[in-house]
Structures are given as structure tokens and as C-alpha cells.
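Down below is the structure, laid out as C-alpha cells.
Values in this text are rule-based calculations from the coordinates and carry no lab data. The structure displayed is predicted, hence computed values, not measured ones. Backbone-built Cβ (ideal geometry, glycine too); neighbour counts: all protein chains shown.
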Amino acid sequence: MRISRIAASGIAAALLAALAAGAQTSEPRKITVTAKKFEFQPSRIELQVGEPVEITFESEDTKHGFACKDLKLEKIEFSKDSPGKVNFTPDKAGTFAFKCAKFCGLGHSKMKGEFVVAP
């Protein structure tokens with residue numbers, strides 16, 4: 001009887017620790033994306049469903065933008081002196097295109113990237 005009480009209290013303590021760890025908000029994964037005519041670097045970003053992410057967009061040359069309709073990420077604009085940030089947590093798996101959302105020259109339409117979100 002004594003061994004089963006010790007085992008039960010150990011299991012209860014482990015469950016409480018797991019619940020407490022799950023209740024804490026996890027820090028977002030921080031990613032920096034650099035933009036320049038006419039590319040994002042990196043242009044492919046791999047994420048996990050449920051993984052909080054903070055992406056900072058920095059420009060090396062002129063004003064650029066970012067938008068990803070499929071993940072409902074609103075348009076932001078950023079420039080060399082003023083980075084932009086996007087915070088989100090993907091809630092579905094798949095490959096989702098993003099693009100420059102601020103006309104930046106004749107190659108603007110080719111300035112694209114993708115999020116690859118794994119389950």
C-alpha cells in the first residue's frame with residue numbers, strides 16, 4: 001500500500017509539472033527577413049502549426065512591404081530606417097505564399113516567398 005501511494009504522488013507531481021509547463025506562454029521564435037530589390041532572404045521559412053513566431057522585416061535599399069493572404073497576415077510596410085514586425089501562430093499546415101506589398105520597381109512582381117508549415 002505504501003509503494004502505491006508513493007507512486008501515485010509521483011505521478012500526480014509529474015502531471016502537475018506538465019500542466020504548469022503547458023500553461024506558460026512560450027516565447028515566439030524570432031526570425032529576421034532581409035528585403036532588397038527584388039528578393040526576400042530567406043525566401044522560404046519553415047514553421048510548425050502552433051509555433052508562435054515573430055518576424056522582423058529589414059530593408060537593405062528602399063521601401064518594401066509584406067502580405068500573406070492565406071494566413072490572414074495584413075499588409076505591412078518597412079524601409080531601411082524603419083523595420084516592420086509580424087507576430088502570428090500558424091493554425092494550419094501547408095505552403096503559403098507571401099509577397100512584397102509595396103511597389104518597389106520593375107521586378108516587384110517577382111519578389112515572393114513562402115511559409116512551409118508542418119503539422
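Below are the figures for this structure:
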{"read-out": "Percentage, to the nearest whole number, of Cα pairs in region 26-118 over 18 Å apart", "value": "38 percent"}
{"read-out": "Neighbour cut-off at most 15 other Cβ (10 Å), DSSP loop, GluC sites (Glu not before Pro), region 57-119", "value": "Glu60"}
{"read-out": "Cross-link reach list, lysines versus Lys63, counting only Cα pairs under 20 Å and skipping chain neighbours closer than eight places", "value": "Lys36, Lys37, Lys75, Lys80, Lys85, Lys99, Lys102, Lys110, Lys112"}
{"read-out": "Vicinal HN-Hα couplings computed from phi for region 53-62 (Karplus, 6.51 cos²θ - 1.76 cosθ + 1.60; Hz; Gly/Pro x)", "value": "9, 10, 10, 9, 9, 10, 9, 9, 9, 9"}
{"read-out": "Net length gained if the chain between Ser82 and Val49 were fully extended (0.36 nm per residue, minus Cα distance)", "value": "9.0 nm"}
{"read-out": "Over region 45-91: Kirkwood hydrodynamic radius from C-alpha pairwise inverse distances, Å", "value": "11.5 Å"}
